[in-house]
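To keep things clear, I will list the structure first and then write my remarks on it.
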Amino acid sequence: MKQVISSLQAARAAYQPKLPKALQGPVVAVEGKPTESVGNQKEIKELFPNTYGMPVITFESGSQPVLEPFNVGIILSGGQAPGGHNVISGLFDGVKSLNPANKLYGFILGPGGLVDHKYMEITPELMDQYRNTGGFDIIGSGRTKLEEVDQFEKGIQILRELGIKALVIIGGDDSNTNACVLAEYYAAKKYGVQVIGCPKTIDGDLKNEQIETSFGFDTACKTYSELIGNIQRDCNSARKYWHFIKLMGRSASHIALECALQCQPNVCLISEEVEAKEMSLDDVVTYIAQAVADRALDGNNFGTVLIPEGIIEFIPAIKKLIAQLNDILATPEAQNLGRSEQIDFVKSHLTKDNLDVFNSLPTSVARQLALDRDPHGNVQVSLIETEKLLSTMVATKLDQWKKEGKYVGKFGTQHHFFGYEGRCAAPSNYDADYCYSLGYNASRLIANGKTGYMSIIKNTTQPASEWIAGGVPITMMMNLEKRNGKMKPVIRKALVELDGAPFKFFASKRDEWARQTAYVYPGPIQYWGPAEVCDQPTKTLQLEQA
């Protein structure tokens, strides 16, 4: 599929991503000690006997044997994240450097393309159109889950037909879990096809001791921070609105925290803290209302509030309600009912405490919690207008305080939800380099015969030449969690650590930011500007690695 090239994209295409020194020539794989999963070790080992316990791999400069020609397949899975095209270009250049006769095939519209045998060869001419660009549009993405034997067998048919030695799956925690399941199946069957994963999600919750950050997080946060900075400048100019800004992040608050570190808003909610302090919905509302009232005393009837997308799931009472709703909705009886019947069915099966919480919620929110789930069985929290829910409840609280003489200001609101605005942004220099390295590194994992591994690049707060390349067994990151009413192996999500340096720094500053107008306007710093500005990694990573 040919695309029209803008002058900006043409200039950007000339950028040559940087590689770790170890990947700039032949490599040797240095193996660490055997690994085990982060939880449920016995159960995970039984589920993945062929790919469990493998060592962490680190690449060092060495000698690379001459390899016979081989082909590689690639899949983009799940939601888009900036830098996906650079993972593909890194993999493309990596496999070609091993043998110019090697070919790279892209499966169309995600894992479904593997199952349905829809693919295209990625040629040099096609690849050159997409270097350093945002989006996943070179081959498209999809959310088909690779979980069934029939899918695996249909996949091996086309892989054999195309002579594909290895399959690289670019995705988040669920997609990489599927990659691990596929790797285990092909290993058990001795089909001779390797499966490698790459860590992608702008939410930032696919990270651990081995994965410093998931790709796309840096660019998305810089994109959102630019928009938040623009709003804060407008806010500080008009001085008449409180802006409630909801940000991507269903399962963790990494984006909200990073944007707060970048922009210094008056209020930023952190879902993990709300849960740890066992705050009620009214506690959250009171916290925001108090900041509004305090600023009004200084004559400042304006401000900004950052809200993680999934915060409602972290309020303990609502979290308990959602857990029971998930179990109820997973039953065959519930799935065969109409929407109105489903709500009545749900209410009739809730415990008294959960029913009281359900009935206390605004009708629109209650309906959303009780109805359709996403493919993973999760509440579709992006459809809940949490920013409007909170601002309405704050307004009610302030009206009550005004009658009691506790509030003297005016409260006007504007609402925003930043999600799609960041998913396909042109990658920052950091993400362009990081993603290219992840893809190139994946080619070395393939060349060294690895399967069931995730491509990793570490030490990324240092210059790219000092980055450390290698691989981590996907099973090492797994535990069992309930999905759609059943216990399943999944990669454990990384939440904001309340004792971590990024949150501690934020917590030390938020009272000051709440009362004062201490806004920072980051501007468009994805890649234009002085290198000391636009090449910086996220504040989160700098604080974690300090």
### Task
Collect residues whose amide H, placed 1.01 Å from N in the peptide plane, falls under 5 Å from the amide H of THR413; neighbours closer than 5 in sequence don't count.
TRP242
### Summary
For the chain, the dipole about the Cα centre with charges only on Cβ (Lys and Arg +1, Asp and Glu -1), to the nearest 20 debye, works out at 380 debye
### Task
Subtract the Cα-Cα distance of ASP234 and ASN359 from 0.36 nm times their separation in residues, and report this length gain in nm to one decimal.
41.2 nm
### Task
Can you find, among GLY39, GLY53, SER89, the residue farthest towards the positive end of the dipole of the chain? Put +1 on the C-beta of Lys and Arg, -1 on that of Asp and Glu.
SER89
### Task
Could you go through the range 440-446 in sequence order and give the Karplus-derived ³J(HN,Hα) for each residue, using 6.51 cos²θ - 1.76 cosθ + 1.60 with θ = phi - 60°, rounded to whole Hz, and x for Gly and Pro?
4, 4, 4, 5, 6, 5, 5
### Query
In Å², what does the accessible area per residue of the range 397-546 work out to with a 1.4 Å probe?
44 Å²
### Message
For the chain, give me the percentage of DSSP beta bridges that are antiparallel, rounded to the nearest 5 percent.
### Response
40 percent
### Task
Round to the nearest 10 and give me the degree value, 0 to 90, for the angle of helix 501-515's Cα axis relative to the longest principal axis of the chain.
30 degrees
### Å² of accessible area per residue within the range 1-140, as computed with a 1.4 Å probe and no ligands counted
45 Å²
### Task
Would you work out what percent of the accessible area of the chain, with all protein chains in place, is carbon or sulfur (probe 1.4 Å)?
50 percent
### Task
Would you pull out the residues with amide H under 5 Å of GLN194's amide H, same chain only if 5 or more places away, H placed 1.01 Å from N?
ALA166, LEU167
## Note on the structure
The answer for the net charge of residues other than VAL38 whose Cβ lies under 10 angstrom from its Cβ, with Lys and Arg +1 and Asp and Glu -1, is -1
### Per-residue ³J(HN,Hα) for the range 404-420, Karplus 6.51 cos²θ - 1.76 cosθ + 1.60, θ = phi - 60°, Hz, x for Gly and Pro
8, x, 9, 9, 10, x, 10, 10, x, 10, 9, 10, 8, 9, 9, x, 4
### Summary
Restricting to Cα pairs under 8 Å and 6 or more apart, the percent relative contact order of the chain works out to 24 percent
### Task
Give me the angle, in degrees from 0 to 90, between the Cα long axis of helix 217-238 and the longest principal axis of the Cα atoms of the chain, rounded to the nearest 10.
30 degrees
### Entry for semi-axes √(5λ) of the Cα gyration tensor in Å (calculated from the structure that is shown) out of (1) 41, 29, 20; (2) 42, 28, 23; (3) 48, 35, 21
(1)
### Query
From the phi of every residue in the range 269-280, what ³J(HN,Hα) in whole Hz does the Karplus formula 6.51 cos²θ - 1.76 cosθ + 1.60 yield, where θ is phi - 60° and glycine or proline is x?
7, 10, 4, 4, 6, 4, 5, 4, 8, 6, 6, 8
## Note on the structure
Over the chain, the sum of -39500 (n - 2.57) across DSSP H runs of at least four, divided by residue number and rounded to 500 deg cm²/dmol, gives at 222 nm -13000 deg cm²/dmol
### Query
What accessible surface, in Å², does a 1.4 Å probe find on LEU269, ignoring ligands, DNA and RNA and rounding to the nearest 10?
10 Å²
### Solvent-accessible area per residue for the range 182-238 (1.4 angstrom probe, square angstrom)
28 Å²
#### Entry: Sequence-distant residues sharing a close amide H with THR304 (under 5 Å, placed H)
HIS243, ASN266, VAL267
### Message
Sort ARG295, ARG510 by heavy-atom solvent-accessible area, probe 1.4 angstrom, most to least.
### Response
ARG510, ARG295
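The values are calculated or read from the model by the stated rules, or taken from the named source; none is laboratory data. What you see is a predicted model; the values in this text were computed from it and never measured. No Cβ is skipped: glycine too gets one built from the backbone with ideal geometry, and neighbour counts run over all protein chains shown. With ligands, DNA and RNA removed, areas are computed over all heavy atoms of the protein, side chains included. Shrake-Rupley method; radii C 1.70, N 1.55, O 1.52, S 1.80 Å.
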